[in-house]
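What follows is a set of notes on a single structure, which appears directly below.
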Amino acid sequence: MTDLAQHGLTHRAAEIECLGCYRNFKTYGGMIIHLESGACESDIDYLDLNSSAAECYSWAQFIHTDYRDDMLASCDLKRMYQGTVFPYKCPDCDSGFPKLSSLFQHVDSSACDQTLNEGAIGHLSRFLLSRYG
């Protein structure tokens, strides 16, 4: 993300409501970070999000096949594989990401043409809303 784009976030209104509580965020990725961290009062965490992402019917477009079964079983991939793994991928540019929030931050940037509300990522965000929202 360019410095100008990053600066623009400081002026963006916090309009994205958390899937688990009533807190608002400036970006979808920021809201997912809040959930992944376990800070949300809903107790949704990164294991829940990984499992849910792996259940989404378009999972193959944004999750590497090697990790799906472990994600469905709510395994802690970092512990299981003893280090950082990159189970997520951008459906547009195929870049890899260690966390769901990283994928959503990428989508919210100008790094590629994938957007939050279209294609497989749109399916995923709607699936998460139906699951937790």
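Sub-9 Å Cβ pairs linking a first residue in region 74-91 that is more than 19 Å from GLU55 (Cα to Cα) and polar (S, T, N, Q) to a second residue that is modelled with pLDDT under 95 and outside any loop (DSSP other than H, G, I, E, B), at least 6 apart or interchain, are THR84/LYS78, ordered by first then second residue.
Residue pairs whose Cβ atoms lie under 8 Å apart, separated by 6 or more positions or on different chains, with the first residue in region 111-132 and more than 16 Å from GLY20 (Cβ to Cβ) and the second among the aromatic types (Phe, Trp, Tyr) and surrounded by fewer than 14 Cβ atoms within 10 Å (Cβ to Cβ), are HIS123/TYR57. Taking helices (runs of 4 or more DSSP H) as the structural unit, those lying wholly within region 14-110 and holding at least 1 residues that are under 16 Å from LEU124 (Cα atoms) and within 11 Å of the chain's Cα centre (by Cα) correspond to 28-36, 46-55, 100-108. Taking region 82-112 as the range and being surrounded by fewer than 17 Cβ atoms within 10 Å (Cβ to Cβ) and modelled with pLDDT under 95 as the test, the residues that pass are GLN82, GLY83, THR84, SER109, SER110, ALA111, CYS112.
Which of the residues spanning region 111-133 are out of contact with any Cys (no Cβ under 6 Å at 6 or more places or on another chain), farther than 24 Å from CYS40 by Cα and either of a type outside the set (Asp, Glu) or not in a loop (DSSP other than H, G, I, E, B) (or both)? Across region 111-133, the qualifying residues are ALA111, THR115, GLY119, ALA120.
The values are calculated or read from the model by the stated rules, or taken from the named source; none is laboratory data. For clarity, every value in this text was computed on a predicted model and none was experimentally measured. Virtual Cβ from ideal backbone geometry, glycine too; neighbours counted across all protein chains shown.
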